[in-house]
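Below is one structure; the comments refer to it alone.
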Amino acid sequence: MELVKRIRGFAFNPSQEFAAAKKDTLMDAFKYYILLLAVLAAILAIVVAVAMSVVESMVELPMLGGLAFLLGAVTFVDILIIGFFAALYVIVGLHIWVYLFGGRKGLKETAKAVTYGATPCLILGWIPVANVIIGPIWSVLVIINGVMELQELSPGTAVLAIITAILVPVIVIVAVLAALAVPMMP
């Protein structure tokens, strides 16, 4: 029940929940994140396995037997690995900008802001459309609250740090893609 209370708190009352999370250890934050990530991975693995079972029954090829379970298992492991490394990437990338904008409470506090702030993405991650629009926007708003509370930054500074952390990689990727595309133009 405590987990549901925390999920509800981070999703609907992040300022208060982050104030309570100041006492949390980094391990507490990662356990929370990994647990929600594992639930999301399990749901997506089941969806993939069921979808593949439907395809197997429609195609009726005996050599496909067991493929649904295998793809479900691979999906589960892939989501765990990708989710773990994505969190590390976001934590380090965001912390650089948080630090440059004056956040001096340490990487641990940024990590807690990101891992707890990912709650909406992890809860909505299995729902089409919500997983690419609502979840990420909601998570960014929760992370802003986390950075404000845990790094003790003003709302404007927290927003600037997070927008910069999002825009700089996007600009770099667009520039690299444009540079790669120029030689291919007639």
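The values are calculated or read from the model by the stated rules, or taken from the named source; none is laboratory data. Computed from a predicted structure; not experimentally measured. Here the Cβ positions follow ideal geometry from the backbone for every residue, glycine too, while neighbour counts run over all protein chains shown.
Checked against (1) surrounded by 17 or more Cβ atoms within 10 Å (Cβ to Cβ); (2) hydrophobic (A, V, I, L, M, F, W, C); (3) over 20 Å from GLY9 (Cβ atoms), LEU100 passes all but a single condition, namely (1). If I filter region 123-138 for residues that are modelled with pLDDT of 95 or more, touching a Phe, Trp or Tyr at 6+ places or on another chain (Cβ under 6 Å) and in a helix (DSSP H, G or I), do I get at least one hit? No, that holds for no residue.
Between THR119, THR110, which is closer than 30 Å to GLN16 by Cα, of a type in the set (Val, Ile, Thr), touching a Lys or Arg at 6+ places or on another chain (Cβ under 9 Å) and surrounded by 14 or more Cβ atoms within 10 Å (Cβ to Cβ)? Going through THR119, THR110 in turn, just one is closer than 30 Å to GLN16 by Cα, of a type in the set (Val, Ile, Thr), touching a Lys or Arg at 6+ places or on another chain (Cβ under 9 Å) and surrounded by 14 or more Cβ atoms within 10 Å (Cβ to Cβ): THR119.
Let's see how each residue does on (1) under 24 Å from GLU109 (Cβ atoms); (2) touching a residue at least 24 places away in the same chain (Cβ under 8 Å); (3) within 20 Å of the chain's Cα centre (by Cα):
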residue	(1), (2), (3)
ARG6	yes, yes, yes
SER15	yes, yes, yes
ALA20	yes, no, no
LYS23	yes, no, no
LEU26	yes, yes, yes
LEU44	no, yes, yes
VAL50	no, no, no
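Taking the listed residues GLY103, GLY93, the one that is closer than 23 Å to VAL159 by Cα, outside any loop (DSSP other than H, G, I, E, B) and of a type in the set (Gly, Ala, Ser) is GLY93, with no other qualifying. Just checking, does region 41-57 include any residue being surrounded by fewer than 15 Cβ atoms within 10 Å (Cβ to Cβ), of a type in the set (Asp, Glu) and modelled with pLDDT under 95? Looking for residues that are surrounded by fewer than 15 Cβ atoms within 10 Å (Cβ to Cβ), of a type in the set (Asp, Glu) and modelled with pLDDT under 95, one finds none in region 41-57, hence no.
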